[in-house]
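Take a look at the structure set out below.
Rule-based calculations on the coordinates, nothing more; no lab input. Because the structure is predicted, anything quoted here is derived from the model rather than measured. Please note: Cβ atoms are built from the backbone with ideal geometry, for glycine as well, and neighbour counts cover all protein chains shown.
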Amino acid sequence: KAGVTQTPRYLIKTRGQQVTLSCSPISGHRSVSWYQQTPGQGLQFLFEYFSETQRNKGNFPGRFSGRQFSNSRSEMNVSTLELGDSALYLCASSLNMNTEAFFGQGTRLTVV
Amino acid sequence: QKEVEQDPGPLSVPEGAIVSLNCTYSNSAFQYFMWYRQYSRKGPELLMYTYSSGNKEDGRFTAQVDKSSKYISLFIRDSQPSDSATYLCAMSSFQGAQKLVFGQGTRLTINP
């Protein structure tokens, strides 16, 4: 059974640009969450989607947004990139909102 | 003060030792507790998922939750070099994977 797939694995962007990251959940899973991991702040919750609707949101600025498609695949977008956005962005999928989360390998974003 | 406190280590023990990893938390609404293992350049891997107070055992791993003390532990018996990784505690007041709050992670090294 394939795990959570995140693409791309690595990304380098310039300040001010925008970026879109993709996540394909485990087959049959309908809930997708996004987290940011940095050495200073650790893992922080960004948002969660279920049935194409954002169900929960963390304390991040509006530059961070996401969406979920009818096949449960999800994308997150960061606009007007800042140096501080450099991080490992992790996607987690769950069968539904009441079951445990399984993480992907992450996308490492570097903003220069 | 962070909602979840975890000693970042590093922690180094000899092969075969019993390892104890701990987290404390301040939010009494947390009811769901998880331990994840993260190898370098990989996503977190779910090890244990528990609800409320009590113990849960899975092979060489035992998770303990003491809600009255707001304290959770993960014990690893007969530790192996392959257990060398960063261990993250996570918790939520919502069932399942919603809005997980993570500790900083403890870097563990098992020496052969």
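Please report the relative contact order for segment B:20-112, taking Cα pairs under 8 Å with a sequence separation of at least 6, and give it as a percent rounded to a whole number.
On the way: 193 pairs, mean separation 29.7, N = 93.
Normalised by residue count, the contact order of segment B:20-112 is 32 percent.
What order do you get for A:Val112, A:Val78, B:Val13, B:Val101 when you list them from fewest to most C-beta neighbours inside 10 Å?
Details: A:Val112 9, A:Val78 25, B:Val13 17, B:Val101 20.
Exposure proxy ranking, most exposed first: A:Val112, B:Val13, B:Val101, A:Val78.
Testing the spin-label approximation: label points 7 Å from Cα along Cα→Cβ at B:Ser40 and B:Glu15. State their distance in nm.
It is 1.9 nm.
Would you tell me the mean number of C-beta atoms belonging to other protein chains that fall within 10 Å of each C-beta in A:95-104, as a whole number?
On the way: counts 2, 3, 5, 6, 4, 10, 11, 6, 8, 3.
Average neighbour count from other chains, rounded to a whole number: 6.
Could you name the aspartates and glutamates in cross-link range of B:Lys70, using Cα to Cα under 14 Å and dropping any fewer than eight places away on the same chain?
Qualifying aspartates and glutamates at Cα under 14 Å: B:Glu3, B:Glu5.
Only Cα pairs within less than 10 Å get springs; with that Gaussian network setup on chain B, which residue of B:Gly54, B:Gly43, B:Gly16 has the largest fluctuation?
Residue with maximal mean-square fluctuation among B:Gly54, B:Gly43, B:Gly16: B:Gly43.
To the nearest 0.05, how large is the calculated FRET efficiency for A:Ser86 and B:Lys2 if R₀ is 25 Å and r is the Cβ-Cβ distance?
Details: r = 21 Å, r/R0 = 0.85.
The value I calculate is 0.70.
Across the Cα atoms of the protein assembly as shown, what radius of gyration and what greatest pairwise Cα-Cα distance (Dmax) are found, in Å?
Taking only Cα atoms of the protein assembly as shown, I get Rg and Dmax of 17.3, 50 Å.
Return the distance in nm (one decimal) between the two label points of a simple spin-label model at B:Tyr51 and B:Ser73, each offset 7 Å from Cα along Cα→Cβ.
Result: 2.5 nm between the two label points.
Are any of the pairs B:Lys2/B:Lys56; B:Lys2/B:Lys42; B:Lys67/B:Lys99 more than 22 Å apart by Cα-Cα distance, and if so, which?
Values: B:Lys2/B:Lys56 26 Å; B:Lys2/B:Lys42 25 Å; B:Lys67/B:Lys99 19 Å.
In this structure, B:Lys2/B:Lys56; B:Lys2/B:Lys42 lie more than 22 Å apart at Cα.
Suppose each label sits 7 Å from its Cα in the direction of the beta carbon; what would the A:Ser70-B:Asp66 distance come out to in nanometres?
Here the modelled spin labels are 5.3 nm apart.
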